[in-house]
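Student: Just dropping this structure here.
The values are calculated or read from the model by the stated rules, or taken from the named source; none is laboratory data. Just so we're clear, the structure is a prediction, and the values are computed from it rather than from any experiment. Note: ideal-geometry Cβ built from the backbone for every residue, glycine included; neighbour counts use all protein chains shown. Quick note on the areas: whole protein, heavy atoms, side chains included, nothing else; ligands and nucleic acids left out. Shrake-Rupley method; radii C 1.70, N 1.55, O 1.52, S 1.80 Å.
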Amino acid sequence: EPIEKGKYRSIAAIFIDPGHGGKDPGAIGKHSIKGSEAELKEKDIALAVSLSLRKQLKENFPEKNIVLSRSSDIYLELEERTNMANAIPLDREKQEYMLYISVHVNSTFKKDAKGFEAWYLPPEVHRDLLDEDTVEEEKKELIPILNLMKEEEYSMESVILGQYILNSL
């Protein structure tokens, strides 16, 4: 999809997906605080962080559609999460796009580990981004090349966004 001169892609929606939930606790940390045992579950921290992130994004970007996959302790299959994100309406004519943010709290046995990670699809993952039915017959042979070019563009943008987020944290 070429961008017309003077038009820019914009993020119209942000989908926040708190990892785990319900029957899936994710990582579990146990700590002793003043002699009593405390248990931290990844699903609870991911939900709390996601709710806070949603609140901050709504305050700072009221024009954006900010959506949570879950706002309580429920279990969702991966397919349900992606279906919810894919159901968010976007206007491709206006170059509207969505960010998908999956929130997790990783664990390790290394006591000195700390920091953040930003993940993105690796360049070797290839999707069909252009629909063959929307392309004129004489240009259909170009679809694999155009899909590869579009995938590389999205991958590079994802890397840059991931680095920006890490630098901001």
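Student: I want the antiparallel fraction of DSSP beta bridges within the chain, as a percent rounded to 5. Intermediate values should be presented prior to the final figure.
Tutor: Details: 7 of 19 bridges.
Roughly 35 percent of the DSSP beta bridges within the chain come out antiparallel.
Student: Mind checking which of Val67, Val103, Val159 has the largest fluctuation in a GNM of the chain, springs on alpha carbons under 10 Å?
Tutor: Its mean-square fluctuation being the largest, the pick is Val159.
Student: When the solvent-accessible surface of protein heavy atoms is calculated with a 1.4 angstrom probe, in what order do Asp24, Asp44, Asp133 fall, highest first?
Tutor: Per-residue accessible area, sorted high to low, gives Asp133, Asp44, Asp24.
Student: Okay, moving on. Within the chain, what is the longest stretch that has no chymotrypsin sites (Phe, Trp or Tyr not before Pro) placed in a DSSP loop and near at most 15 other beta-carbon atoms within 10 Å? Could you put the intermediate results ahead of the total?
Tutor: Numbers: sites that count: Tyr8, Tyr75, Phe109, Phe116, Trp119.
Excluding the exposed sites themselves, the longest stretch runs over 9-74.
Student: I've got another one for you. Using protein chains only and a probe of 1.4 angstrom, how many square angstrom of Thr82 are accessible, to the nearest 10?
Tutor: So the heavy atoms of Thr82 present about 50 Å² to solvent.
Student: Here's something else I'd like to know. Mind scanning Lys41/Lys111; Lys41/Lys110; Lys58/Lys114; Lys94/Lys150; Lys41/Lys114; Lys64/Lys114 and naming the pairs with a C-alpha gap bigger than 23 Å?
Tutor: Working: Lys41/Lys111 17 Å; Lys41/Lys110 18 Å; Lys58/Lys114 28 Å; Lys94/Lys150 17 Å; Lys41/Lys114 17 Å; Lys64/Lys114 31 Å.
Checking Cα-Cα distances, Lys58/Lys114; Lys64/Lys114 exceed 23 Å.
Student: Rg to Rh for the chain: what is it, with Cα atoms only and Rh by Kirkwood? Present the calculation step by step, with values, prior to reporting the outcome.
Tutor: Working: Rg = 19.5 Å, Rh = 18.7 Å.
In the chain, Rg relative to Rh is 1.04.
Student: While we're on this one: Once Rh is set to the Kirkwood radius over Cα pairs, what Stokes-Einstein translational diffusion coefficient, in µm²/s, holds for the range 28-79 at a temperature of 20 °C and a viscosity of 1.002 mPa s?
Tutor: Values: Rh = 13.3 Å.
D = 162 µm²/s.
Student: Only four residue types carry charge here, +1 at the Cβ of Lys and Arg and -1 at the Cβ of Asp and Glu. Report the dipole size of the range 1-89 about the Cα centre in Debye, rounded to the nearest 20. Before the final figure, lay out the partial values.
Tutor: Numbers: 14 positive and 14 negative charges, 70 e Å.
For this selection, approximately 340 debye.
Student: May I ask you to list the GluC sites (Glu not before Pro) in the range 92-123 that are in a DSSP loop and have at most 13 other Cβ atoms within 10 Å of their Cβ?
Tutor: Values: sites: Glu93, Glu96, Glu117; in loops: Glu117.
Qualifying residues, ordered by number: Glu117.
Student: To the nearest 20 debye, what charge dipole does the chain have about its Cα centre, counting +1 at the Cβ of each Lys and Arg and -1 at the Cβ of each Asp and Glu? Kindly include the intermediate steps, with their values, before the conclusion.
Tutor: On the way: 23 positive and 32 negative charges, 262 e Å.
Around 1260 debye, computed over the chain.
Student: Residues of the range 41-157: accessible area per residue at 1.4 Å, in Å²?
Tutor: Working: 8910 Å² over 117 residues.
It amounts to 76 Å² per residue over the range 41-157.
Student: For the range 1-81, which GluC sites (Glu not before Pro) are both in a DSSP coil and crowded by at most 14 other Cβ atoms within 10 Å?
Tutor: Values: sites: Glu4, Glu37, Glu39, Glu42, Glu59, Glu63, Glu77, Glu79, Glu80; in loops: Glu4, Glu63, Glu77.
When the GluC sites (Glu not before Pro) of the range 1-81 are filtered for loop state and at most 14 Cβ neighbours within 10 Å, Glu4, Glu63, Glu77 remain.
Student: Related question: Give me the percent of the accessible area of the range 45-169 that comes from carbon and sulfur atoms, probe 1.4 Å, all protein chains in place.
Tutor: Numbers: 5430 of 9700 Å².
C and S atoms contribute 56 percent here.
Student: What does the accessible area of Ser52 come to, in Å² to the nearest 10, when a probe of 1.4 Å is used?
Tutor: The accessible area comes out at roughly 50 Å².
Student: Let me ask another. If the range 69-169 were replaced by its equivalent ellipsoid, with semi-axes equal to the square roots of 5 times the Cα gyration tensor eigenvalues, what would those be, largest first, whole Å? Display every interim value, and only then the final one.
Tutor: On the way: eigenvalues 207, 73, 34 Å².
They are 32, 19, 13 Å, listed from largest to smallest.
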